[in-house]
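Structure first, then comments.
Here, each number is a calculation from the coordinates, and none is a lab measurement. What you are looking at is a predicted structure, and each value in this text was computed from that prediction instead of being measured. Cβ atoms come from the backbone with ideal geometry, glycine included; neighbour counts cover every protein chain shown.
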Amino acid sequence: MRLANKVAVITGAGSGIGRASAYVFAREGARVAVADMNDAGGKETVDAIRADGGEAIFIHTDVSKAPEVKNLVKATMEKFGKVDIFFNNAGTVEGLSLCEAMEEAAWDYLYAVDVKSIFFSVKYAAPEMRKTGGGVIINTASNSVNNPTPGMSCYISSKGAVIALTRVLAVELAPDNIRVNCVSPSLTDTAMVKYVKQDPAMAEWLKTMVSRIPLGQRLVKPEEIALAALYLASDEASMTSGINLIVDGASGL
């Protein structure tokens, strides 16, 4: 097992990439703290892991709020005694519009979920990792940073910030043997895509984008992102830090 005796915290694990990653990490031996604002989805993830013989707990968490991320780390420590892996996967696309039309509150919330949450994870999880000789932080970015799309300015710029922040953190935390990487999915078959499809114009854009994916002309599966994250979390990536691992079916999307 590639994550035997490891403890992993995964945010946004009530569905999509987070849930798939929780399953994969647990299957590979990790004890998993499942974090999400969706209580029902988070508990479903935990129940499935336990039914398969794994060990997991659910912790309700709004990653945009520092006290809740602090509590997430605290609750994980109380249950499992350590934090080896922190996967900042939670994200949102709510409130997106053309830049000048976007509400300030929506912009601030998206940045809090996608970017500020990483700051919180470092602030509260890195000290615990340091005590046990190191750890791994993984951030979900997006390959959309390479494809400027009208109406996506807030989301795309936030994911660009994730990539830049990852590179800086990799250098800052290297002396403590804490590796920091990000994974950039292309268009992935998650609830977020379903949300985008609610806008007819965006649904048509999505259809065009999928047709441009050379490898299968299909959306990426959440499990495929989970397996990329598994590599970054494992000891196989012991000298891999500061990278942006793109999973895009050779599309560049």
Which far-off residues, 5 or more places away or on another chain, put their amide H under 5 Å from the one on A56, with H placed in the peptide plane?
V32
Report the far tail of the P(r) of the stretch 140-253, meaning the percent of Cα-Cα pairs longer than 18 Å.
54
The chain: calculated mean residue ellipticity at 222 nm from DSSP helix runs of at least 4, using -39500 (n - 2.57):
-14000 deg cm²/dmol
Two-decimal Rg/Rh across the stretch 16-124, once Rg and the Kirkwood Rh are taken from alpha-carbon atoms
1.02
Helix 117-131 sits off the longest principal axis of the Cα atoms of the chain, rounded to the nearest 10 on a 0 to 90 degree scale, by 20
Mind pulling the angle between the C-alpha long axis of helix 39-51 and the longest principal axis of the chain? Nearest 10 degrees, somewhere in 0 to 90.
50
Sorted on mean Cβ neighbours within 10 Å (highest first), peptides 12-25, 119-132 come out as 12-25, 119-132
At a 10 Å Cβ-Cβ cut-off, how would you order M202, M152, fewest neighbours first?
M202, M152
In whole Hz, what ³J(HN,Hα) sequence does the stretch 206-214 give by Karplus (6.51, -1.76, 1.60; θ = phi - 60°), x for Gly and Pro?
4, 4, 5, 5, 4, 5, 9, 8, x
Across 10 Å bins beginning at 0, the whole-percent shares of Cα-Cα pair distances in the chain come to 8, 33, 38, 18, 3, 0
Residues C99, C154 arranged by fewest to most Cβ contacts within 10 Å:
C99, C154
Cα-based helix-to-principal-axis angle, 66-80 vs the chain, degrees rounded to 10
40
Can you list residues whose amide H is under 5 Å from G135's amide H, if they're 5+ apart or on another chain and H is modeled 1.01 Å from N?
I178, R179
